[in-house]
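The values are calculated or read from the model by the stated rules, or taken from the named source; none is laboratory data. This structure is a prediction, so every number in the text was calculated from the model and none was measured. Because the Cβ atoms are built from the backbone with ideal geometry, glycine has one as well, and the counts that use them run over all protein chains shown. When the accessible area is computed, the model is the full protein with side chains, heavy atoms only, and any ligands, DNA or RNA have been set aside. Shrake-Rupley method; radii C 1.70, N 1.55, O 1.52, S 1.80 Å.
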Amino acid sequence: MKTSLLGLSLLLTSFSSLAAEPVIKDFGYFYNVPEHKSDLSQAQFKIAFDVGDGAEKGAQNNHINSLARFINMHVAHGVKPENIQLALVVHGGASVDVLENSFYKVRFDKDNKTQSLLKQLLANKTQVYVCGQSATHMKVEADQLIPGVQMALSAMTAHAQLQQQGYTLNPF
């Protein structure tokens, strides 16, 4: 517990030493790296993230938190928010993590701890797709999704279309 608090303290201290306020509040903590050699002044990102691993029931999906970290880290280091376009493709066990809380709670008797994060990502123009194949397999229906999450035919289809739109795939 003591180590966890120290780690969180270091993250928050590192984050708070930067000028920009976090875009995604309460998520997406990162370390400041003052000696980085990246020239981000003109950076433009168009990136798709792939998440197939679901969170433990009632826990936040930390793979989805990577998008918040990407946004907060880059904005804090000078990238304009409008120069960051992200997409999230969810499939497999993670398909239930995009359920609106009332449906999630009925199914698992716990709150969906990822909902607040997803709502903030959606509010910051992140496109979120759930694989229709996985959703059907996991008995997730379109009207049960967090508002703004879109049902794709498949994760493969979503990635192919995003690639055609110029998105690169983030390997993390």
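State which residue is nearest to GLN163 (Cα to Cα) when the search covers only the stretch 45-104 and only residues that are over 12 Å from the mean Cα position of the chain (by Cα) and acidic (Asp, Glu).
Out of the qualifying residues, it is GLU82.
What pairs come up if the first residue lies in the stretch 44-57 and is of a type in the set (Val, Ile, Thr), the second is part of a strand (DSSP E or B) and surrounded by 15 or more Cβ atoms within 10 Å (Cβ to Cβ), and their beta carbons are under 9 Å apart, counting only those six or more places apart or on different chains?
ILE47/ILE84; ILE47/GLN85; ILE47/LEU86; ILE47/ALA87; VAL51/LEU88; VAL51/VAL89; VAL51/VAL90
In the stretch 128-155, how many are out of contact with any helix residue (DSSP H, G or I) (no Cβ under 6 Å at 6 or more places or on another chain), surrounded by fewer than 16 Cβ atoms within 10 Å (Cβ to Cβ) and either closer than 28 Å to HIS74 by Cβ or charged (D, E, K, R) (or both)?
So the answer is 5.
Would you tally the residues in the stretch 56-71 being in a helix (DSSP H, G or I) and farther than 13 Å from PHE45 by Cα?
7
Is it fair to say LEU18 is open to solvent by 70 Å² or more (accessible area, probe 1.4 Å), more than 19 Å from HIS63 (Cβ to Cβ) and either aliphatic (A, V, I, L, M) or at pLDDT 65 or above (or both)?
In short, no.
Among the residues of the stretch 147-164, write down those that are part of a helix (DSSP H, G or I) and either among the hydroxyl-bearing types (Ser, Thr, Tyr) or touching a Lys or Arg at 6+ places or on another chain (Cβ under 9 Å) (or both).
THR157, LEU162
Quickly run through the stretch 44-61 and pick out the residues that are touching a strand residue (DSSP E or B) at 6+ places or on another chain (Cβ under 7 Å), closer than 11 Å to VAL89 by Cα and not aliphatic (A, V, I, L, M).
PHE49, ASP50
Somewhere in the stretch 106-127, is a residue open to solvent by less than 50 Å² (accessible area, probe 1.4 Å), part of a helix (DSSP H, G or I) and within 17 Å of LEU162 (Cβ to Cβ)?
yes
Being at pLDDT 95 or above, open to solvent by 10 Å² or more (accessible area, probe 1.4 Å) and small (Gly, Ala, Ser) is the filter here, so list the residues in the stretch 58-73 that pass it.
ALA59, SER66
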